[in-house]
1. Roughly what percent of Cα-Cα pairs across chain A reach past 39 Å?
2. Simple spin-label model, 7 Å along Cα-to-Cβ: A:GLU88 to A:LYS201 in nm?
3. Which entries in A:LYS161/A:LYS523; A:LYS207/A:LYS529; A:LYS415/A:LYS520; A:LYS55/A:LYS388 show an alpha-carbon gap greater than 24 Å?
4. Along the charge dipole of the range A:121-162, Cβ charges K/R +1 and D/E -1, which of A:GLY121, A:THR131, A:PHE158 sits furthest on the positive end?
5. What list of ³J(HN,Hα) values in whole Hz, one per residue of the range A:569-574 in order, does the Karplus curve 6.51 cos²θ - 1.76 cosθ + 1.60 (θ = phi - 60°) give from phi, with Gly and Pro shown as x?
6. Excluding A:GLY648 itself, what net charge comes from residues whose Cβ is under 15 Å from its Cβ, given Lys and Arg +1 and Asp and Glu -1?
7. May I ask you to evaluate 6.51 cos²θ - 1.76 cosθ + 1.60, the Karplus curve with θ = phi - 60°, for each residue of the range A:34-49 and list the ³J(HN,Hα) values in order in whole Hz, giving x for glycine and proline?
8. Given 4 °C and 1.567 mPa s, how large is the Stokes-Einstein diffusion coefficient of the range A:233-320 in µm²/s, with Rh as the Kirkwood radius over Cα pairs?
Amino acid sequence: MRCVKVAAMKNDRHSHSPATSGERPYLQELNESQYDAVTTTEGPVLVIAGAGSGKTRTLVYRVAHLVEKGVPPEAILLLTFTRKSSQEMLWRSGRLLNENCNRVVGGTFHSVANMLLRRYGSRIGFGSSFTIIDRADAEGIINLLRSSLGLGKKDKRFPSKRAVINMISGSINRSIRLDDLVEDQYAHLSDHLDDILALHKHYQVFKYDHGLMDYDDLLVNWKRLLEEAPEVRQTISERFSHIMVDEYQDTNLIQADIIRLAAHTHDNVMVVGDDSQSIYSFRGADFYNIMRFPKVFKETRIIKLEENYRSTQPILSLTNDIITNAAEKYTKTLFTRIEGGLRPMVFAGRDEREEAAFIVDTIRILLAKGIELQEIAVLFRSSFHSYKLEMELGSESIEYEKRGGLKLTESAHMKDMIGFLRVLVNPQDTLSWNRSLLQLEKVGPATAQKISAAIAGSVDPLEALRTYRPAKAWQESFGRLVQLYADLYHAEPKPSILYEIALAYYQPLFERIYSDDYPKRQKDLDQLKSIMEGYDDLQSFIDDTTLDPPEEAEKDGHRLERLILSTIHSSKGLEFDAVFVIGVADGRFPHASAMFGEQWEEERRLLYVAATRARKYLYLTYPRQLMTPDRQFRRVGMSPFLSELSPGLYERVSERPAAEQEPFADYADKTPKTSKKKREKKLEMADFSVGCKVSHPFFGHGTVAKLTKGRSLDVHFDRHGLKTLHLDYAKLKID
DNA sequence: GCGTATCGCGTTTTT
DNA sequence: CGCGATACGC
């Protein structure tokens, strides 16, 4: 058994030359299965890895190991679910032993597709000047087409633009015909089938005419490139001698085909995945890819990672129970050696407010226990489920960072700014022309479309713009716009310079358009500026912001001390000391429309993913009543996924925590105290006086301003201002 | 016909 | 919050 403790390994590092065949000592940190995966350098490997089983570590070590064994770093292709995770992995590989690891090609399927298509796209008839569009752009096009084709006017039953995009995307990702998909999955919309098909056709033509490519096109064209250009297929396959794919259960058929084609000369493919964590089927992800893998690649080596290094046993018992109820599964029971720990808690609030209050109270207790704020996460099914909590956090001045939902670059003001620059790279980009025209006063959709059509139809867009005859009402502002583009076209094409020019023009419009809240949005523009300063090349800036939208700013590489609020989908692959899963109510989780079969099972896996993010503390909460659309309150029970769990696996909490009763005492603490942990002296009002310096686990340092009656006191905190605190609640210390 | 202001409603999940 | 529907004014 190869399970040497890390500490022991460190001591051994210099003392003895490894008896085991001159291996690098770092390999001894791995367990037997991980070791197998890391050291298998040739041939297809399938790693079935449970939650928290050291999957990332295995990938990181394997990259380092391959480089160590002489594989050129640029011949390794590491495909991950998000760009961030690949960067993180390569960085860690480099740290491990070999700095060359940063030359490994890493990224998402989409970013690699983009790179290859820019380089080889001409072989299948693509110029290199395409613009990548995100989902908001795609919806915009559908909207445009829907009105210009006059489809579904005033028909409330006509599918929304989002639904249309989802259908189109779904048919591509599942490699089935659109009409079959509508018939199977959207039977209630079959009346509109012809219109949907027409929208689809025009959408494809529109993109082609305007040099636009959506996320699906990137994959489809990458596959085409490999299939239709044999010499490119050969080149790519030889260039990447080793391919690794993370989160393989989230790949769709197209991606599986891409892997097979790209590896055809060597079959050196390692994929890592967990069928229990498959939560992206709406995007065409198909966990049968995992089961198919050994059939596609003969002589696949299958390795299972079943030891969990993340969670305590009580948490693991609960999560195992969640997934045991799955109708279809590939048996894999995780175990851990982490001892002790609390049973997960289930709390039912009277309403969403009380649910939020419970979370805030509990967070304070966790902070007092020494858990750091950024190690706590609140997870939910849909991004609007956290609205009430966000309000509560705001009034309690707990800082948070929200993930999931709208991306920074999907907000209107960011799209405006980026739009000015997008047309420089791709003058056919009607969407962006439209945006800048709509910003003008007295110009609406109809006029904007007329002008942008004239631009797109011409050879010289700038000339077309200049010669367009504006109406008197908006002549002046139009003139300024023309001047802006003239300046942009003639300026040095450096992102930071272009930004300054565009902002100088945009700022006054910006303040008028968002007159109610522009100071908030201004911060985003500032952030955009600092991002652009990191680029020399406009094209790659635009590609990157579309493929990998920037999140909120990080400070000096340190994670900020902020609570994480996240959709469960966006929390994938992360872990936290404490996790709250909120809104685990009937009708909310599972999502109301997921009533049958595989969809129901996917919702269950979603809860599994959420719960397995927790290391030490897990709370599942739900409100007992929810607001219905007609302003009525409806009583709801707990999610069926909760009620089917064995009640012994969790503890029910019925009241909000108060400091006197200690409902949060560790089980370990209840056993006779062997630890010499000093119990802190409980402070009384008499211990405080006005002007005395105190500190608080969250608010930091401050000065007592006033002692009020009861057990409250006002404290002026250096960083958070004046707060009224209750002595029993706030874990105050005297400095 | 076109642009603009305003109100009220509903919100899956995303590379 | 973003979007659609609606009404009003040019």
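No lab work stands behind these numbers, since they all come straight from the coordinates. Bear in mind that the values here come from a model prediction, so they are computed numbers and not experimental data. Positions of Cβ are generated from backbone atoms using ideal geometry, with glycine treated the same way; all protein chains shown enter the neighbour counts.
1. On the way: 120634 of 269745 pairs.
Result for the distance tail: 45 percent.
2. 4.6
3. A:LYS161/A:LYS523; A:LYS207/A:LYS529; A:LYS55/A:LYS388
4. Farthest along the dipole direction, towards plus: A:PHE158.
5. 4, 7, 8, 3, x, 9
6. Taking every other residue near A:GLY648 into account, the sum is -1.
7. Ordered by residue, 3J(HN,Hα) equals 4, 4, 4, 5, 5, 8, 7, 9, 10, x, x, 10, 10, 10, 8, 10 Hz.
8. Numbers: Rh = 14.5 Å.
Rounded, D is 89 µm²/s.
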